[in-house]
Structures are given as structure tokens and as C-alpha cells.
1. Give the residues of region A:33-81 that are acidic (D, E) and either more than 9 Å from chain B (Cβ to nearest Cβ) or not in a helix (DSSP H, G or I) (or both), sorted by residue number.
2. Under the condition of being part of a helix (DSSP H, G or I) and in contact with an Asp or Glu (Cβ under 7 Å, 6 or more places away or on another chain), which residue from region B:29-55 is nearest to A:Q37 (Cα to Cα)?
3. How do the pairs read when you match residues in region B:9-27 that are within 23 Å of B:K42 (Cα to Cα) with residues anywhere that are among the basic types (K, R) and assigned to a helix (DSSP H, G or I), using Cβ under 7 Å and keeping only pairs 6 or more apart or on different chains?
Amino acid sequence: MDHPKQFSPTSRNRLSDRDMLLDLMITEKHLSRLYDQGVLESTSSMTSNTFERLQADTHDNVRTIFTAMQQRGWYNPERAGRAERLSKGKQKQSTEFFDTTADSKYAVSSGTRRFGRRLSREQRPGKSGIFNNQKPETDFEDRQYRN
Amino acid sequence: MLQQNSLTQKERAYLKDALELENLCITKCSVYADQCSDHDLKNMMFSITKSKRHHANMIKQELGNSELQYQ
């Protein structure tokens, strides 16, 4: 990673400012997960409210740390897809477009065109199979019902 | 006897874990605030320590209240 390390002039064994913030942020995230579980597991509304208040404060703290890190360039999550598009240019965009059409083709071929192909030859409608044999019976039943 | 408003075992376990973690956070924050070279970050860490102390007190209160109700 290319972030400016800030070592203390007296000792090299200390954590850098960035590492300190990162450690605090990870601890806060862990706490947040714990409070979330607490809210889900609490049986009384009073305990649930306490966990929710603690959770809200934890979110505020994480936001503060996140902003501080971002201002110093120590925490820069890339926007999804942006980096790829910048590096690969037009070619990438055209494949992305192709991907969406491929989805619709898949839906057609699997949904409509090949529907019924899993049935054996005898079972397919229109051939000499079970569907042909069943038809007169249902007609007969209908006639009986009407009479 | 267990009264209606007392905590369940799970709630107590979560609160105890949270208290330990909050206390760890307080220690970390104060140590880091001392070591930090950036003045703004120092102030930020002090304010986080303050909020953590408040959290720890809240959790202690919650655990203490439930202990009073176990009788």
C-alpha cells in the first residue's frame, strides 16, 4: 500500500497514525457486530433500546474515524466497476452490454424453446402417448357430468 | 427468583462482552492519543474515549440493574 507512514522520531516500534486509526476502526466494527447481535437477541424493549443507542454511537465513531482516514488518503475504497472501466475502456463496456443480452437469450432458450424436451417421445403431446390416451377419457367424464 | 425485567443469560453475556470490548477501546484510545503525532487525531481520540466511557457506564448500569432484580 502506498500511504505515508508517520513514525515517531523517538522509536520505530510504535504504530503509525494510520495503523492506530485502522485498529480503532476494526475494534469499532467488531463492537457494532456485537451490538447488532444484542439487539436481535434481546427480549425486553429496554435492553434492545440500550443496544440500539450503543450501536448508533458506534456508527458515529466509525464515521468519524472513516472521515479522518479518508481525508488523509489512508482509506479509499474504490467505487464498484469504475476502476475496471477506466483501465479497460470501450472494450469492457461492450462486453458488459453483451452480458445483459446473453441473459435474455438464456431466459428464452431455457424457458420457452426447449420446454418439454425432457419428456420421452411417448410422453410428448401430439404423438401417440399418454396425452392422446387421456383426452377421450376426460371428454367422456365431461359428458357424464353434463348429463 | 427471576423477575420479569431481569436479563436473560444471552443478554448478560452480550453485555459483558461489550463491556470488555468498550474497556479495551478506552485503553487503546488513551494510549493512541498519547502516541499520536497529529493534533486533530489526538482530539478525535480523546472524544472517542469520552464516548466509550459513557458506553461502559451505560452497560454497567444495565448489568447492575439486572443484578438487583435477581432476588
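1. A:D36, A:E52, A:E78
2. B:H55
3. Once the first residue is within 23 Å of B:K42 (Cα to Cα) and sits in region B:9-27, its partners that are among the basic types (K, R) and assigned to a helix (DSSP H, G or I) give B:E22/B:K52; B:C25/B:K52; B:I26/B:K52; B:I26/B:R53.
Values in this text are rule-based calculations from the coordinates and carry no lab data. Note that this is a predicted model, so its numbers are computed, not measured. A quick note on method: Cβ atoms are made from the backbone with ideal geometry, for glycine too, and the neighbour counts reach across all protein chains shown.
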